[in-house]
Protein chains: 2
Amino acid sequence: MKFSINRVELTKRLNLVSRAISSKTTIPILTGLKLKANSSELVLTGSNADISIENKILSEDNNNMLTVVEPGSVVLPARFFTGIVKKLPEDLVTIEVNEDNLQTVIKSGAASFTINGLNAEDYPHLPEIDTNNAIELKGDIFKEMISQTVIAVSNQESRPILTGVHFVLNNAELMAVATDSHRLSQRKIKLPEIDEGKSYDLIIPGSSLSELSKMISENNETVKMSVSENQVLFIVGQNSFYSRLLEGNYPDTSRLIPDTSTTTIEFDNVELLGAIERASILSHESRNNVVKLTINPADEIVKISGNSPDVGNVEEKLDPKKIDGNELEISFNPDYMKDAVRAFGKSIIKISFTSSLRPFTLLPTEDSENFIELITPVRTF
Amino acid sequence: MKFSINRVELTKRLNLVSRAISSKTTIPILTGLKLKANSSELVLTGSNADISIENKILSEDNNNMLTVVEPGSVVLPARFFTGIVKKLPEDLVTIEVNEDNLQTVIKSGAASFTINGLNAEDYPHLPEIDTNNAIELKGDIFKEMISQTVIAVSNQESRPILTGVHFVLNNAELMAVATDSHRLSQRKIKLPEIDEGKSYDLIIPGSSLSELSKMISENNETVKMSVSENQVLFIVGQNSFYSRLLEGNYPDTSRLIPDTSTTTIEFDNVELLGAIERASILSHESRNNVVKLTINPADEIVKISGNSPDVGNVEEKLDPKKIDGNELEISFNPDYMKDAVRAFGKSIIKISFTSSLRPFTLLPTEDSENFIELITPVRTF
């Protein structure tokens with residue numbers, strides 16, 4: 001194999017594929033990065049037990065300055081190879097593999113590196129997934145869907161199924177829901193152009209989705225999603241992102257969301273976030289990290305308070321946009337509240353309570369159908 | 001005590017003083033930050049075993065919006081107090097201490113924090129240092145002097161004296177020198193306006209100097225340095241920075257610097273740094289982190305090479321500006337070389353060798369009198 005390429009572009013692509021590569025893997029060849037060149041493209045692959053990322057660098061794109069002199073493939077130690085390319089002196093880099101011993105010479109300007117490669121035949125094959133039935137998602141909306149649900153994913157391996165986000169496609173609507181059993185976050189997207197009969201039910205690890213999200217740029221690319229029995233493939237531009245699926249049945253979350261309430265308040269989201277952050281400075285120091293909300297609709301008073309026996313206490317009067325229903329005193333983990341409120345962006349947020357021991361819901365007033373969050377309060381008496 | 005103040009300005013000053021405060025101290029009151037207000041100023045103090053920082057906020061500066069209603073003092077838990085002030089909702093903050101129980105109320109907008117304070121009488125006194133004999137240094141030059149010498153300070157506590165920088169004032173010249181016994185860095189500054197008879201000899205911990213350096217802004221303030229028996233005080237604008245001195249005799253370093261050489265090369269500093277960085281990518285993987293320089297003046301060839309048995313090797317031809325003297329092959333730790341070269345900024349650097357086993361020197365061609373660095377090679381045969 002021999003090719004030359006734009007060093008800056010190669011660095012960018014190596015960084016991208018390296019996200020799938022862990023130096024802690026038990027399979028030595030997976031610490032490597034696979035390169036495969038033919039006359040029209042260079043394909044980079046990185047993989048670990050959970051995800052694989054494949055990136056195509058096309059020779060037809062002049063910016064890549066890709067010239068393949070001799071097709072072929074090799075696996076190079078990912079961390080060194082990336083480190084070397086990043087530090088090379090010139091804009092163009094030439095890479096040549098000795099097919100007999102797989103020694104690879106990397107040249108740029110007066111610098112010449114020789115590193116030991118591995119046989120690409122020994123690199124694991126990526127799963128084969130039929131992409132004919134892919135569903136197409138708008139990049140920015142799907143990215144938002146991910147960020148709004150992964151916050152509620154469990155990070156405890158005791159119930160592995162809760163470390164994933166549950167995706168259900170039905171009646172031309174994609175729903176994603178996650179819960180760690182203390183809080184829940186659910187987002188829906190309408191997909192009018194999808195066949196109503198098409199349905200999926202899959203659980204994708206939250207950590208895979210967080211990585212995938214970094215790959216979706218802000219300029220609203222299309223994300224194509226294809227599913228096989230135990231893998232999902234997302235195609236974003238020149239990248240293919242594979243993730244394993246979690247096996248098992250996700251708990252039925254639909255019955256957790258209350259449909260009635262006895263007290264409701266509406267807040268400016270930025271204002272509420274500030275107050276919660278202030279209250280949590282002290283609650284973080286206390287053994288049971290909770291803050292208390294005191295709601296008095298008759299006097300239009302809402303107070304938030306936090307307290308640490310060692311350090312001191314804080315109290316703040318909030319300024320709700322709207323307030324209705326019964327008096328209530330309720331305590332909760334401010335960190336769950338912070339995550340939940342941040343997921344709304346800039347908007348007016350409606351919080352609905354039923355009692356100080358029952359979960360309460362948060363939803364955006366401008367689109368109350370498609371996004372809802374749920375937080376379980378903490379009993380303090 | 002009761003005062004109100006500009007929250008943004010207070011946050012800035014708290015961050016500054018907090019640099020001297022460690023949460024790991026064994027003296028509980030030192031985890032606190034002392035506040036002392038009188039009609040004209042608020043003084044903040046932070047301290048640990050090595051350094052103390054005092055910052056004055058003057059009421060005459062309108063930007064501070066400082067109004068002292070009632071003079072007094074208190075010690076507040078540094079981390080919380082700083083965290084609280086940073087998160088407060090409005091531009092103005094009011095702080096009021098209950099003199100009976102030292103409970104301190106911090107108010108801004110609708111938020112009200114109550115935290116437990118400590119008695120300022122129990123806070124250690126700062127050393128008293130006579131500032132009448134202070135010497136004045138130009139901020140930017142002194143900052144450069146610090147950055148050029150602290151790189152050679154030892155980080156091993158086995159010879160504590162080498163963890164400091166040795167400052168000697170003599171004949172209206174200030175010299176700073178540091179060595180960890182593998183490398184040495186020496187910088188001189190002429191101080192023509194100083195009395196020739198004045199002399200100092202002191203050793204300041206490298207870590208104190210690094211902290212001090214962050215406090216000297218780029219806009220070339222004057223730094224006033226005063227010395228007592230075991231403390232040094234630097235006054236920079238509204239800040240007083242105290243550091244303990246290291247006790248003992250610093251080794252005589254003057255005889256370490258060779259005054260002859262048999263091979264000399266001149267490099268563009270940026271080019272040399274790039275080549276060293278590339279060579280070190282592989283040397284870092286080898287047990288004895290060394291790179292080799294091969295100098296052949298007759299053919300005007302200089303080569304740098306690095307090698308790791310596991311990963312591979314690198315070789316690069318360098319393009320010296322000038323080359324003189326005998327052939328030489330010399331090996332050294334590339335990290336020492338990187339630190340040394342970075343200390344020069346953008347310039348042409350002259351390296352002088354005597355043999356492959358003797359220390360070599362680096363100096364800037366445009367000012368060869370005032371700055372010199374020394375690196376001990378590594379024996380590889």
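Six or more apart or on different chains, Cβ atoms under 7 Å: show the pairs whose first residue is in the range B:186-207 and within 12 Å of B:S243 (Cα to Cα) and whose second is part of a loop (DSSP other than H, G, I, E, B) and not charged (D, E, K, R).
Taking only residues 6 or more apart or on different chains, the pairs are B:L202/B:L245; B:I203/B:L245; B:I203/B:L246; B:I203/B:Y250; B:I204/B:L245; B:P205/B:L246; B:G206/B:V153.
Conditions: (1) within 30 Å of A:N370 (Cβ to Cβ); (2) more than 14 Å from every other protein chain (Cβ to nearest Cβ); (3) not in a loop (DSSP other than H, G, I, E, B). A:V302 meets all but one. Number of the miss?
All conditions pass for A:V302, except number (2).
Determine whether the range B:267-284 contains at least one residue that is open to solvent by 20 Å² or more (accessible area, probe 1.4 Å) and part of a loop (DSSP other than H, G, I, E, B).
yes
Could you count how many residues in the range A:1-52 are among the polar types (S, T, N, Q) and free of Cβ contacts under 8 Å to residues at least 40 places away in the same chain?
Of the residues in that region, 7 qualify.
Only residues that are more than 16 Å from A:S185 (Cα to Cα) and either free of Cβ contacts under 8 Å to residues at least 24 places away in the same chain or surrounded by 18 or more Cβ atoms within 10 Å (Cβ to Cβ) (or both): list them for the range A:342-353, please.
Result: A:F353, single match.
For the range B:47-65, which positions are touching a Ser or Thr at 6+ places or on another chain (Cβ under 6 Å) and not acidic (D, E)?
Within the range B:47-65, B:N48, B:I51, B:S59 meet the criteria.
If I ask for residues that are among the basic types (K, R), at pLDDT 95 or above and in contact with a helix residue (DSSP H, G or I) (Cβ under 8 Å, 6 or more places away or on another chain), which ones from the range B:44-98 would you list?
B:K86, B:K87 - these are the residues of the range B:44-98 that are among the basic types (K, R), at pLDDT 95 or above and in contact with a helix residue (DSSP H, G or I) (Cβ under 8 Å, 6 or more places away or on another chain).
With the structure loaded, tell me whether A:E218 is loosely packed, with under 14 Cβ neighbours inside 10 Å and either closer than 23 Å to A:T179 by Cα or not β-branched (V, I, T) (or both) or whether it fails that test.
yes
State yes or no: is A:N307 in contact with a strand residue (DSSP E or B) (Cβ under 9 Å, 6 or more places away or on another chain), open to solvent by 70 Å² or more (accessible area, probe 1.4 Å) and within 30 Å of B:G117 (Cα to Cα)?
Spelling it out, A:N307 is indeed in contact with a strand residue (DSSP E or B) (Cβ under 9 Å, 6 or more places away or on another chain), open to solvent by 70 Å² or more (accessible area, probe 1.4 Å) and within 30 Å of B:G117 (Cα to Cα).
Determine, yes or no, whether A:F381 is open to solvent by less than 30 Å² (accessible area, probe 1.4 Å) and of a type in the set (F, W, Y).
Against the criterion (open to solvent by less than 30 Å² (accessible area, probe 1.4 Å) and of a type in the set (F, W, Y)), A:F381 does not qualify.
Specify which of the listed residues (A:L202, A:L212) is surrounded by 14 or more Cβ atoms within 10 Å (Cβ to Cβ), more than 14 Å from A:Y250 (Cα to Cα) and of a type in the set (A, V, I, L, M, F, W, C).
A:L212
For the range B:364-371, state whether one or more residues are open to solvent by 20 Å² or more (accessible area, probe 1.4 Å), under 27 Å from B:N155 (Cα atoms) and outside the structural domain of B:S181 (by TED's automatic domain parsing).
Scanning the range B:364-371 turns up at least one residue that is open to solvent by 20 Å² or more (accessible area, probe 1.4 Å), under 27 Å from B:N155 (Cα atoms) and outside the structural domain of B:S181 (by TED's automatic domain parsing).
If I filter the range B:192-213 for residues that are at negative phi, in a loop (DSSP other than H, G, I, E, B) and at pLDDT 95 or above, do I get at least one hit?
No, the range B:192-213 contains no residue that is at negative phi, in a loop (DSSP other than H, G, I, E, B) and at pLDDT 95 or above.
How about the range A:85-138: which strands (runs of 3 or more DSSP E) wholly inside it have at least 3 residues that are within 14 Å of another protein chain (Cβ to nearest Cβ) and open to solvent by 30 Å² or more (accessible area, probe 1.4 Å)?
Passing ranges, in order: A:103-108.
Tell me the residue from B:V69, B:V8 that is open to solvent by 50 Å² or more (accessible area, probe 1.4 Å), in a helix (DSSP H, G or I) and more than 14 Å from chain A (Cβ to nearest Cβ), please.
B:V8
Considering each of A:S52, A:S59 in turn, give the residue that is away from every other protein chain (no Cβ under 13 Å), surrounded by 15 or more Cβ atoms within 10 Å (Cβ to Cβ) and over 19 Å from A:F3 (Cβ atoms).
Residue meeting the stated conditions: A:S52.
The values are calculated or read from the model by the stated rules, or taken from the named source; none is laboratory data. Note that this is a predicted model, so its numbers are computed, not measured. Positions of Cβ are backbone-derived with ideal geometry, glycine not excepted, and every protein chain shown enters the neighbour counts. Protein only, heavy atoms only, side chains kept; ligands, DNA and RNA dropped before computing areas. Shrake-Rupley method; radii C 1.70, N 1.55, O 1.52, S 1.80 Å.
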